[in-house]
Every structure is written in structure tokens, then in C-alpha cells.
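Q: Below is a structure I'd like to ask you about.
Every number here is computed from the coordinates shown, using simple stated rules; none is lab data. In this text, all values refer to a predicted model and were calculated from it rather than measured experimentally. In this analysis, Cβ positions are derived from the backbone assuming ideal geometry, glycine residues included, and neighbour counts consider all displayed protein chains.
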Amino acid sequence: MATPLHFLQVCHAYLLLEKPDLLDSVPQMTASRQLAFLTHKAHMCLASAESCQWSPSMIAVSLISLELEQFRSDWFPLTLSLLHFIQNLNYSELIGCKEAFSNHLLLSVQNTQQLTAQSCRQQKRVRHHTTSNSSKRKMVGPSPLEQDDIYASIKGLYGEISDDLADPAIVAAAIISED
């Protein structure tokens, strides 16, 4: 069964074959980059419950038509060409699908912008909070009595090791016992 993404790829390829100069008016846009953008938009739209109302081919044509409207003055004849290609001439279905996806994409962009703004504000608050608190923090180390105990323990360890190594009889006994 063909999915909206299959139709999107086929319709995009069809348009590029019919109109090789399709992307000439869009700076730094390649066919693969445009298809990636369309695929991303399709994923966003297919996540909505509304997408179940339309056929996969209509979803693909609607998304491509929305994209064409942004940079081509001849978007309508190109959209009609796609409708003839997929053998679906239901214009009212196309209009309904385009309107729903246009609104969905607009809301998605607005939600993304709001989430980005909230995230930036939270990061600024966290940075400000940690910066202001970091200047107030004190290093808390061991108390002087605890430090004395630590140093005494370290000296005892090194003292025992060095005393044992200084006595040749202990070193010789340790070597013999290992064998």
C-alpha cells in the first residue's frame, strides 16, 4: 500500500521532470533539500488526527501545493498537473486538505517558537541563578582535627612502608615467602 511519503516522493519527482527549472528561483535549494523539507512537513501533518480524512495521494499533492505557493507564481497550474497525474480531480478535497495542513503547520511553527522562547528564558534563569549562587558558595572542607587525623594516617602508612623497606631482613623474608 502506498503511503503519503511514497506519493510525496513520486509527485516531487514528476514535478521536477515536468518543470526542470522548478527550483531555479529559490537560492541554495536543491531537489533533495526540498524533498527533505516536504518530508519533515509531512511527518508533522501526519501526526495530526485530521490526516486520516484524506487519501495519501491528496496529502502529498496538498503539501507540495502549499510549498509551491511560497515560491512559484504558477503554483496553481502545477498543482492541477499533479492532480491529473494522480488521477484525482476533487478540487474541494484539495482545498480542504490544504487549509487543514496550512493551519496545522502554522500552529506547529508557533508552538515551536513559543517552546524555544520558553527554553531560552529558562536557560537564562538557570545561568543567572547558578552565577549568583556560585559567588556565595564556600568550600567546606574537613575540620582542623580531621585534617590532623588524615595527615597522621598518611604519615603512618608511608612510615610503615619505608620502615619495612629499610630493614633488609624483612625484605628478604617477604621475597622468600613469595617463592
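Q: For the range 96-106, what does the Karplus curve 6.51 cos²θ - 1.76 cosθ + 1.60, with θ = phi - 60°, yield as ³J(HN,Hα) per residue in whole Hz, taken in order and with x for Gly and Pro?
A: Values, residue by residue: x, 5, 4, 5, 5, 6, 4, 5, 5, 5, 4 Hz.
Q: Starting from the Cα-Cα distance between residue 147 and residue 90, subtract it from 0.36 nm times their residue separation and give me the gain in nm to one decimal.
A: The residue 147-residue 90 span can extend by a further 12.0 nm.
Q: How would you rank 58-69, 91-102, highest first, on the average number of other Cβ atoms within 10 Å across their residues?
A: Packing order, densest peptide first, comes out as 58-69, 91-102.
Q: For residue 3 and residue 155, calculate 0.36 nm times their separation in residues minus their Cα-Cα distance, and state this gained length in nm to one decimal.
A: 47.2 nm is the gain from fully extending residue 3 to residue 155.
Q: Between residue 103 and residue 52, 0.36 nm times their residue separation minus their Cα-Cα distance comes to what? Write out the running numbers ahead of the final one.
A: Numbers: separation 51, 0.36 × 51 = 18.36 nm, distance 1.59 nm.
Extending this stretch completely gives an extra 16.8 nm.
Q: According to a simple spin-label model (label point 7 Å from Cα along Cα-to-Cβ), what is the distance in nm between residue 123 and residue 36?
A: Label at residue 36, label at residue 123, 2.2 nm between them.
Q: Residue 23: net charge of surrounding residues, Cβ under 14 Å, Lys/Arg +1, Asp/Glu -1, itself excluded?
A: Summing Lys/Arg as +1 and Asp/Glu as -1 gives -2.
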